[in-house]
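The values are calculated or read from the model by the stated rules, or taken from the named source; none is laboratory data. This structure is a prediction, so every number in the text was calculated from the model and none was measured. Ideal geometry is used to build each Cβ from the backbone, glycine not excepted, and the neighbour counts take in all protein chains shown. Just so you know, the surface numbers come from the protein's heavy atoms only, side chains and all, with ligands and any DNA or RNA stripped out. Shrake-Rupley method; radii C 1.70, N 1.55, O 1.52, S 1.80 Å.
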Amino acid sequence: MATQEIGSILSRGAATAELLRPLPPAAHRGPSMVVGLTGGIGSGKSLVASRLRQRGARVVDADAISRELTAPGGEALELLASRFGSDIINEDGALDRKGLAARVFSDPQALEDINALMHPLIAQRAWTQLRATPDGVLAVYDLPLLVETNAADLFDAVIVVDAPVSLRLQRLADRGINHEDARQRMAQQATASQRRAVASIWIDNAGTIDDAHALIDAIDEQWLLTPVRPRTQAT
Ligand code: ADP
């Protein structure tokens, strides 16, 4: 069976991927192999997640779970209300996001408290879903704060999506996020070198959307579906 060496590069148009660390054998796909997926705002992480989903991966999305937990009847609401008061729940029973954001703005401890309440609930739900992945199916955890929360060691492999800052700003502007807000968010997130330090696969999403799709297909076919060996162990 084909193997790939550490340091290999795949490219499709202007999109490239670099293999920085060995991946577990493909035979371990399923509940015993979970890939973490992360990237800064506007990098194209969601695009990669949806392509992998289309290709049959089970993608569990931390942000989606967070929204479920704070929707009407959500498990996190009571805990948040006990910390911030019942007026952070709207009349329709959902979390008052604007109200909570205002509290975070005026109370430096608030964000830490929200994270302390939310992260264990999100992780519990996410890992239950990831562990239920059928054998042979790639399990992917889309976790924006993977690096910021030091979660890399929980995964068998980590995919990091990046793109030149100018392209990220442009793509976010097309989505209605102005440059100043985007830069502020980027400054609060992990740096590219912090992400690179934990990446197994580094994706530079510098091409078109078609390039990105073709690259993800190649990554799946050539790296995730075949065993990868580090250079020192290659025969
Ligand atoms: P993230 O989840 O990392 O914040 P998204 O995947 O939502 O990023 O991408 C940000 C925006 O850029 C989206 O509107 C997306 O459609 C667009 N986008 C992503 N990759 C590309 C690309 N290669 N070419 C053009 N636009 C892209």
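So, in segment 82-92, how many residues would count as being open to solvent by less than 20 Å² (accessible area, probe 1.4 Å) and not β-branched (Val, Ile, Thr)? Outline the logic, then answer.
Here is the first cut: in segment 82-92, the residues open to solvent by less than 20 Å² (accessible area, probe 1.4 Å) are 84, 88.
Filter once more, keeping what is not β-branched (Val, Ile, Thr): 84.
Total meeting the criteria: 1.
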Inset, instruction - Of the conditions (1) within 16 Å of the ligand (Cβ to nearest atom); (2) in contact (Cβ under 8 Å) with a residue 60 or more places away in the chain; (3) surrounded by fewer than 18 Cβ atoms within 10 Å (Cβ to Cβ), residue 25 clears all except one; give me its number. - result: (1)
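For segment 157-173, how many residues meet the condition of being within 10 Å of the ligand (Cβ to nearest atom) and in contact (Cβ under 8 Å) with a residue 24 or more places away in the chain?
Pass one, segment 157-173, residues within 10 Å of the ligand (Cβ to nearest atom): 161-163, 167-168, 170-173.
Subset that is in contact (Cβ under 8 Å) with a residue 24 or more places away in the chain: 161-163, 167-168, 171-172.
So the answer is 7.
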Inset, instruction - Determine whether residue 102 is surrounded by fewer than 18 Cβ atoms within 10 Å (Cβ to Cβ), more than 27 Å from residue 49 (Cβ to Cβ) and in contact with a helix residue (DSSP H, G or I) (Cβ under 7 Å, 6 or more places away or on another chain). - result: no
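Out of 187, 197, 182, 157, I need the residue that is among the aliphatic types (A, V, I, L, M), within 16 Å of the chain's Cα centre (by Cα) and under 21 Å from residue 63 (Cα atoms). Which one? Break it down into steps so the answer makes sense when it comes.
Details: 187 fails: within 16 Å of the chain's Cα centre (by Cα); 197 fails: under 21 Å from residue 63 (Cα atoms); 182 fails: within 16 Å of the chain's Cα centre (by Cα).
The unique qualifying residue is 157.
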Legend entry - Members of segment 189-205 found to be in contact with an Asp or Glu (Cβ under 9 Å, 6 or more places away or on another chain) and in a loop (DSSP other than H, G, I, E, B), listed by number: 189, 190, 198, 199, 200, 205
Inset, instruction - Can you give me the number of residues within segment 132-151 that are among the aliphatic types (A, V, I, L, M) and open to solvent by 20 Å² or more (accessible area, probe 1.4 Å)? - result: 5
Inset, instruction - Starting from segment 182-207, keep only residues that are without any contact (Cβ under 8 Å) to a residue 12 or more places away in the chain, then list their pairs with residues that are buried (at least 20 other Cβ atoms within 10 Å of the Cβ) and part of a helix (DSSP H, G or I) whose Cβ atoms are within a distance under 8 Å, requiring at least 6 positions of separation or different chains. - result: none
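Looking at 159, 177, can you tell me which residue is open to solvent by 40 Å² or more (accessible area, probe 1.4 Å) and at pLDDT 95 or above? Show your work before the answer.
Details: 159 fails: open to solvent by 40 Å² or more (accessible area, probe 1.4 Å).
Criteria check complete, one pass: 177.
Could you run through segment 140-156 and say how many residues are assigned to a loop (DSSP other than H, G, I, E, B) and away from the ligand (no atom under 13 Å from the Cβ)? First the steps, then the outcome.
Just the residues of segment 140-156 that are assigned to a loop (DSSP other than H, G, I, E, B), to begin with: 143-151, 155-156.
Keeping just the survivors that are away from the ligand (no atom under 13 Å from the Cβ) gives 147-151, 155-156.
Going through segment 140-156 one residue at a time, the tally reaches 7.
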Legend entry - Residue identified as open to solvent by 60 Å² or more (accessible area, probe 1.4 Å) and not in a loop (DSSP other than H, G, I, E, B) among 67, 51: 67
Inset, instruction - Please work out if residue 93 is on the phi < 0 side of the Ramachandran plot, away from the ligand (no atom under 16 Å from the Cβ) and assigned to a loop (DSSP other than H, G, I, E, B). - result: no
